[in-house]
Amino acid sequence: MEKRFVWFGIGLLSLCLFLSKTDSEAVVDFDPPVRGQMQLTGTFGELRGNHFHAGLDIRGPVGRPVYAIADGYVSRIVTQIAGYGQALYLDHPSGHTSVYGHLDRYTEDIAVYVKRQQYDQESFELDLELEPTRFPVNKGDLIGYIGQRGYAFGPHLHFEVRDQETQDPLNPMAFGISVPDNRRPFINELRIYELDERGNVQNARSYTTGHRGRGRYACPQDTLWVDGPSVGLAVKAYDQQDNLNNWNGIYSLQMQVEDSTLYQFAFNRYAHDDTRYLNAHLDYAEQEQNSWFHRSFRLPGNQLQFYEPERATGRISLAPGQAVPINFQVLDFAGNVATMRVMVKRRQAARQQVYAKAYTYQLPYDESSLIENGSLRAHFPEDCFYEDIYLDYDLVDEQSDEIYSPVHRLGHSSIPVHRYFDLQIHPKAIPEELRDKVLIAYCEDGRSPRSYGGEWTRDGRLRAPVRALGNYCIMLDDEKPRVEVERFAEDMRGWSEFSFLITDNYRVSGKAHDLRYRAEVDGQWILMEYDYKNDRLFHRFDNIILPGRHQFVLRVKDDRGNETVVEREFIR
Ligand SMILES: [Zn+2]
């Protein structure tokens, strides 16, 4: 009897563990954050530039009401120039945080509170953490309106569900927030990589797939021939829901070799801090050409945790002459399936055995490396790369009045860089008065240079943390930002707002600052909102500037301290 009781106990315990591990997130049901039909222009885990998409994008229009998905309270309010623009964070008793981004407006009581904080802190940008008693909400309460503020192109709500404790993003569809979906995902392309013994990619090629009906896909060739002993594959796949022809992200991918699962992933959750490993999950060089693949093998430096089986590499080993059948299964969250079957076969005798690469420096992904040559110093920390890098380097002396160093060609932009590395460049002779106005410029072919800013080291090199490979040199920026009147007059009686357009000669990257500004009326700070997509700086008249004659001053400063000051009088 006692033995049976123990067994029962263990059975119950393991059932509980199973539930808590896999189903705890599905136990809670949330209301959707909008009413009426929901169209998704983005899904959870979707591949985006340098990050996985952390939530759902729900189509506008601007002004569409947004509602609390559950009881809770406003735990955080973020107002920023880029990113989510205006965002609300709600904490819920279930242990989740919901996030609502790109809002056009908050509801009145929140808006009043935010504006008071902006005047107190003299800053348009805010990041406020709030007490539970400040703004409690009930499920279904109106909290704001859809917009396109911040880094948003087209009106939509960026909506997230997070684990409150870790702030790791979770798939909102697991909480019942979904749309009708009877369409299968589709598989557009397959890519095959030959790998060396450390898992580094040696070469790759792509195949356009053909649809054979009922979600079954195939390659034009029945057999994909390879020379080496180890290969990896990648799949380009998308999904659509019933009510919108948007190319959204897939939910999961599974790769089976002879009936056993060699590699799979599903977008249920990921660690917030790991999102940049997206650049290892996809094929970065392909993505630069706007071609987005999910690799079904792990680059050696990819530290994402959502691949199964745990520690799986997804590499397929082949003996000479061996053929291996591989099955792919791609799913959307609703369970619609697309499949693909391919045969990979290793030649009996390799056509070419040696993958000779011409390179100047070899940088192992799992060690730190230093390049120093008297003219340049680059220190790469460990885990800067996802695989061993064979770096081409040379130095070109360009004769230009604007360039104050040789141009260092440090590899190519198609190689992803995970962490910032320290770059120091020796200048040519720089006149003393211009020393504060030079910067480390990143110059991609055919694009205008970007500024990484920089500061001087004690031994006279300009240094900045940078996060890309490519061409670097020292350039000069002694140009003031441009400030143009968009809407401003001496007599603004009856006007609802005034605005300026602000632009600069350099775009910035890394730790360099975007344009900073300060506006004052009669010596007092006033709120000007910055819509950086449209270079617009605007003030909406309210009861802060009273009727009468006023003195207006606007200062706009770039990363190198070049400043433009506009002074005007006006009547309100
Ligand atoms: Zn979004």
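A compact table of results
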| item | result |
| --- | --- |
| Residue 82 being modelled with pLDDT under 95 and open to solvent by 10 Å² or more (accessible area, probe 1.4 Å) | yes |
| Any hit, the stretch 393-416, residues being open to solvent by less than 10 Å² (accessible area, probe 1.4 Å) and either without any contact (Cβ under 8 Å) to a residue 40 or more places away in the chain or closer than 19 Å to residue 201 by Cβ (or both) | no |
| Lone qualifier among 359, 386, 365 - being over 19 Å from residue 449 (Cα atoms) and touching a helix residue (DSSP H, G or I) at 6+ places or on another chain (Cβ under 7 Å) | 386 |
| Only one of 78, 66, 62, 99 that is within 16 Å of the ligand (Cβ to nearest atom), aliphatic (A, V, I, L, M), in a loop (DSSP other than H, G, I, E, B) and in contact with a strand residue (DSSP E or B) (Cβ under 9 Å, 6 or more places away or on another chain) | 62 |
| Candidate set: the stretch 111-149, residues that are open to solvent by 10 Å² or more (accessible area, probe 1.4 Å) and within 16 Å of the ligand (Cβ to nearest atom); chosen: the one farthest from residue 531 (Cα to Cα) | 148 |
| Extreme residue, nearest to residue 243 (Cα to Cα), among residues of the stretch 42-57 that are in a strand (DSSP E or B) and more than 9 Å from the ligand (Cβ to nearest atom) | 47 |
| Qualifying residue in the stretch 16-39 (condition: modelled with pLDDT of 95 or more, part of a strand (DSSP E or B) and surrounded by fewer than 19 Cβ atoms within 10 Å (Cβ to Cβ)) | no |
| Sole residue being within 16 Å of the ligand (Cβ to nearest atom), at negative phi and without any contact (Cβ under 8 Å) to a residue 60 or more places away in the chain, chosen from 89, 84 | 89 |
| Pairs where the first residue, in the stretch 97-110, is open to solvent by less than 10 Å² (accessible area, probe 1.4 Å) and the second is away from the ligand (no atom under 14 Å from the Cβ) and assigned to a loop (DSSP other than H, G, I, E, B), C-beta under 8 Å, 6+ apart | 97/164; 97/167; 98/30; 98/68; 98/69; 98/70; 98/92; 110/135 |
| Scan of the stretch 327-347 for residues that are in a strand (DSSP E or B) and in contact with a Pro (Cβ under 9 Å, 6 or more places away or on another chain), ordered by number | 330, 331, 337, 338, 341, 342, 343, 344, 346 |
| Checklist (1) at negative phi; (2) open to solvent by less than 20 Å² (accessible area, probe 1.4 Å); (3) within 28 Å of the chain's Cα centre (by Cα) applied to residue 453, failing item | (1) |
| Residue in the stretch 281-291 that is in contact (Cβ under 8 Å) with a residue 40 or more places away in the chain, assigned to a helix (DSSP H, G or I), of a type in the set (D, E, K, R) and in contact with a strand residue (DSSP E or B) (Cβ under 8 Å, 6 or more places away or on another chain) present | yes |
| Single residue of the stretch 156-192 satisfying the filter (in contact with a Gly (Cβ under 6 Å, 6 or more places away or on another chain) and open to solvent by 50 Å² or more (accessible area, probe 1.4 Å)) that is farthest from residue 72 (Cα to Cα) | 184 |
| Tally, over the stretch 205-226, of residues that are open to solvent by less than 40 Å² (accessible area, probe 1.4 Å) and in contact with a strand residue (DSSP E or B) (Cβ under 7 Å, 6 or more places away or on another chain) | 9 |
| Selection from the stretch 429-450 of residues that are in contact (Cβ under 8 Å) with a residue 40 or more places away in the chain and open to solvent by 40 Å² or more (accessible area, probe 1.4 Å) | 436, 437, 448, 450 |
| Test: residue in the stretch 74-96 that is in contact with a helix residue (DSSP H, G or I) (Cβ under 9 Å, 6 or more places away or on another chain) and among the aromatic types (Phe, Trp, Tyr) | no |
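The values are calculated or read from the model by the stated rules, or taken from the named source; none is laboratory data. These figures come from a predicted structure and were not determined experimentally. Cβ coordinates were reconstructed from backbone atoms using ideal geometry, including for glycine residues, and neighbour counts include every protein chain displayed. Please note that ligands, DNA and RNA were not included when accessible areas were found on the heavy atoms of the full protein model with its side chains. Shrake-Rupley method; radii C 1.70, N 1.55, O 1.52, S 1.80 Å.
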